[in-house]
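Derivation of every value follows stated rules applied to the coordinates shown; laboratory data play no part. Keep in mind the model is a prediction, meaning the values are calculated, not measured. Every residue, glycine among them, receives a Cβ derived from its backbone with ideal geometry; neighbour counts consider all protein chains shown.
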């Protein structure tokens, strides 16, 4: 009997946060360009923000078989969905999405046809069992850094070796049970929830569940490239053999769109916030590599005291700076989240303060010579692609290990975790922009070249994307 061939149809389920949604929307566009039907499952809250600040529907208009499907996360609109309230959103989204996914896997849309594959964020363990019940393969897209994912996969080994939970308070104690990281990993470089000492905590349990589910999936998509994390990728493949390394995905996305005979003229920003274009005009007037770009991402909360330490450190360094302080990022005593008047009014000739910026464009601007960052994985990769050295001030999850790799493995920046002191900040800025400038720029330029090579025709990420597309198309038989 002749085999029946179905049109490939993929459901993509991101974690409803800026970083994962950004990555998965770029993947959705790459799959759509390859002729694959895509349904992108999003929360109403996230989708409203995308509609407000991006050309999201216009960008996907050329793909008639692409559709957005939204679901409520059942939280009030003013819920922060960030910081220590992140788990509220996570639990709510899982509770609503699991029954919806069951329905979607047993029905087909008018144009997309039945589902042939699910691509989901790595933390969604419910997806695998639900899809397998219906004979649908699952590929996890874990949008954290692979170096952090490898630590997750080693958590059972850390527990068995007695390295987690910690005994004692010395955060500089070496960690020896993560293969490939024995020479530089310390307790303070592990994900932040490891410091609680509570092995029964929700985040630890999510990670332990993830270590069981990832090896059961058809494959894993990672936002990295072979030359950046060759050792880590080799270790991950020992447990999860089918790895698609397609990063830096923002760079691969840009390279693929440039190949199109009628490339889109619309910006591909997936920002949840309005981007300030005036900061680009300000950058145009600054000398080459003279500006420190400062941004701690969309999730971090900064105390008023810490904010003032950064202010004094930056001003005392004498370097120009472009500083992103988003609305409600400041956890002041009154909780109003406003930018302190001292920052808005003082030393304006040195700096430009904005609520949000087009980060990829900022990092690519010739006036930018350094990046003071929270070390989120998207930000880290964007800085690597742009060849901009970093000062890392991490807070959450993978950021703490990312910052260690930036300073000790890739040698493209400085790690400032667990301290916020104006003198340290001033010295770090001067090291970045003057004292160690040539050394760090040399390493950053080399990494930027390797990143560009990986997404060019024949490069490792270029090849893995093509392999992913072909595998998805073969799933429809």
> Taking Cα atoms, how many degrees apart are the long axis of helix 377-386 and the longest axis of the chain, rounded to 10 and kept between 0 and 90?
Replying inline: 70
> Which length gain, in nm to one decimal place, applies between residue 78 and residue 171 when the Cα-Cα distance is subtracted from 0.36 nm times their residue separation?
Replying inline: 29.8 nm
> What residues from the stretch 404-433 fall in the zone where the backbone N is under 20 Å from a label point 7 Å along the Cα-to-C-beta line of residue 308?
Replying inline: 419-427
> Going by how many other beta carbons lie within 10 Å of each one, how would you line up 167, 411, 132, fewest first?
Replying inline: 167, 132, 411
> Per the helix-only calculation at 222 nm, which mean residue ellipticity applies to the chain, given -39500 (n - 2.57) for every DSSP H run of n ≥ 4 and division by its residues, nearest 500 deg cm²/dmol?
Replying inline: -12500 deg cm²/dmol
>> Can you sort 301, 222 from fewest to most other Cβ atoms within 10 Å of each residue's own Cβ?
In response: 301, 222
> What would the Debye formula give as log10 I(q)/I(0) at q = 0.13 Å⁻¹ for the alpha-carbon point model of the chain, no solvent?
Replying inline: -1.32
>> Could you work out how much longer the chain between residue 48 and residue 288 gets when fully extended? Use 0.36 nm per residue separation minus the Cα distance between them, nm to one decimal.
In response: 82.6 nm
> For the stretch 102-167, what D do you get in µm² per second when you plug the Kirkwood radius from alpha-carbon pairs into Stokes-Einstein at 20 °C and 1.002 mPa s?
Replying inline: 150
> Taking the radius of gyration and the Kirkwood hydrodynamic radius from Cα positions alone, what is the Rg/Rh ratio for the stretch 8-51, to two decimal places?
Replying inline: 0.97
> Taking N as the number of residues in the stretch 278-452, what value does Rg over Cα atoms divided by 2.2 N^0.38 Å take?
Replying inline: 0.95
> What FRET efficiency, computed as 1/(1 + (r/R0)^6) with R0 = 30 Å and r the Cβ-Cβ distance, is obtained for residue 98 and residue 157, rounded to the nearest 0.05?
Replying inline: 0.50
> Given the Cα-Cα distance of residue 466 and residue 7 and 0.36 nm per residue of separation, how much length would full extension add, in nm?
Replying inline: 163.5 nm
>> I want the antiparallel fraction of DSSP beta bridges within the chain, as a percent rounded to 5.
In response: 5
>> With angles folded into 0 to 90 degrees, how steeply does helix 202-213 sit against the dominant principal axis of the chain? Use alpha carbons for both and round to 10.
In response: 40
> What angle do you read, to the nearest 10 degrees and between 0 and 90, between the alpha-carbon axis of helix 44-53 and the longest principal axis of the chain?
Replying inline: 60
> Normalised by the residues of the chain, what does the relative contact order come to in percent, with Cα pairs under 8 Å and at least six apart?
Replying inline: 17
